[in-house]
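Below is one structure, written out as structure tokens; comments come after it.
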Amino acid sequence: MAIELVLGIIAGVVILLGLVFLYDVTQKKHAILHNYPVLGHMRYFLEMIGPELRQYWVAHDKEEMPFDRTERAWIYTTAKGVNNYAAFGTTEMQYGIGYPIIKNAAFPFPEKDAVYPGDDPSAIPCVKIMGEMHNRRRTWRPNSIVNVSAMSFGALGKNAISALNLGANMAGCYHNSGEGGVSKYHLLGGTVVWQIGTGYFGACDKDGKFSIDVVADKVAKNPQIRAIEIKLSQGAKPGKGGVLPGTKVVGEIAETRGVAEGTDCISPNCHSQFSNVDELIDFVELIADKTGLPVGIKAAIGETGFWEELAEKMKSRRQGVDFITVDGSEGGTGAAPLTYADHVSLPFKIGFMRVYQIFQHEGLSRGIVWIGSGKLGFPDRAIVAYAMGCDMISIAREAMLAIGCIQSQACHTGHCPTGIATMSKWRQGGLHIDTKAQRLARFVQGFRKELLSLAHTAGYEHPAQFRPEDVELSTGVNKFTELGDVMGYTPDATEFISMQELKEV
């Protein structure tokens, strides 16, 4: 019987290979398969698993992009709560152009004197109060200067969104909904910033038109929504709308977005509710008036004329945005055409410097809450952002890595191997919500602990106290230059008094 079984299996394999052979030599689409029947399939298989092969077998620790192995390892170990230290010295090229050095103080801030506004020893509230500049009815001091950036339900599966929201709640940070709207998976306890994009998903009436009444009603029913962010553009594909294929627009996704099931969910490349600066300010004020919430904008930075006009109009009208999220071209959770990802919009540091100086010139930079985004999910990069004038940073891909992403770069295919960026129930089944929520929380808390430690090392109590003179950049052979000299401006001095004073409004 055993011999017969083996012979049967062999016969079946031979027949299968024969059928594959016949298909390969008769098909007319792939020359490789025609010329190398059966064996040619190995080429496509190896191409499919190429990113994984390079990650684990070919590339060295500093070679991979967008996040190299050492960066991913730090995120993974921090998220798991295990040893994230390094040994035997740095492997970085410290003399490479642009390399940052954080200057330690001769007399650090004593960690024994550190106090916290809550029970979490990693808590770092934002120094500024969002909405205070324009006297919003529901002003808000965010509890964390590290928060989860915009990733939509639909682009990410329900298990991933649930883990991010629960983890954000555990860590005391906020969770940006992404332009896909606020789903029930965003409302599991975490504080939410509702992002409204060009498709106005979840903010439309039954006819598919933007409705301020729908927005106001949703905010009233969900008090965990603490701010609204109008997305003008994003680093991955500025000036181009997102696309969610109709195969993904099913059930809860269609309900959340307020669109018909099975239809392609396409975001226009521009807003229909405004087409100039005055109309944008009117739109901001309408939402703020009806909801009482702080309202801001998110944008990747290209031409600066818009920002100059916005600052001028905000100053003259005494109205406008309460916060600005500057997204660098390094950003990239959203799938994008290659040219957009590589060549459209400015990297974070350049874009932020230009916009900040425009508002500083008009005397508005102090009242605006500045949020940085675009591969800032590492303590050294965050410190540079704070020294440039950021009040908070948002992290997206780093949050995805914390809940299990392996950088397979298959987000746009629907075949994410870790169940994060897919609607496949089988693949999502491997993402255990509670476990991954804990990992996100540990990552954010571990991140903040390092930020606090670095602040103490530089002689400060809060990372917002970092100044440009506390960071130097390599600018040539054996030459380091202070960040302020490279930027060409000095940000407004922080109004920080003490950690004990930072209580949520």
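Each reported figure results from applying straightforward, stated rules to the coordinates on display, with no laboratory input. Source: prediction; values computed, not measured. When we count neighbours, we look across all protein chains shown, and the Cβ atoms used for this are built from the backbone with ideal geometry, even at glycine.
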Return, ordered by residue number, the residues of the stretch 446-486 whose backbone nitrogen is under 17 Å from a label point located 7 Å along Cα→Cβ of Thr70. 474
In whole angstrom, how far apart do the alpha carbon centroids of the stretch 147-190 and the stretch 368-401 sit? 18 Å
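Would you mind checking the pairs Lys209/Lys349; Lys425/Lys449; Lys290/Lys375; Lys128/Lys231; Lys206/Lys313; Lys158/Lys231 and listing those with alpha carbons more than 27 angstrom apart?
Values: Lys209/Lys349 36 Å; Lys425/Lys449 36 Å; Lys290/Lys375 34 Å; Lys128/Lys231 22 Å; Lys206/Lys313 34 Å; Lys158/Lys231 22 Å.
Listed pairs above 27 Å: Lys209/Lys349; Lys425/Lys449; Lys290/Lys375; Lys206/Lys313.
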What list do you get for Lys112, Lys375, Lys184 if you sort them by fewest beta carbons within 10 Å? Lys112, Lys184, Lys375
Please list, or write none, the aspartates and glutamates whose alpha carbon is within less than 15 Å of the alpha carbon of Lys221, excluding same-chain residues fewer than 8 places away. Asp213
Taking chymotrypsin sites (Phe, Trp or Tyr not before Pro) in a DSSP loop with at most 11 other Cβ atoms within 10 angstrom as exposed, one finds the longest site-free stretch of the chain at 89-505
Nonlocal amide H pairs with Thr475, under 5 Å, H built at 1.01 Å: Gly98, Phe480, Thr481
Which ³J(HN,Hα) values in Hz, rounded to whole numbers, follow from the phi angles of the stretch 103-113 under the Karplus curve 6.51 cos²θ - 1.76 cosθ + 1.60, where θ = phi - 60° and Gly and Pro get x? 7, 7, 7, 5, 10, x, 5, x, 5, 5, 9
Work out which helices of the chain, taken as complete DSSP H runs, extend at least 15 Å along their axis over the Cα atoms and score a mean Kyte-Doolittle of 1.6 or more, then list them. 2-26
Using a Förster distance of 35 Å, how high is the FRET efficiency between Asp205 and Glu501, based on the Cβ-Cβ distance and rounded to 0.05? 0.20
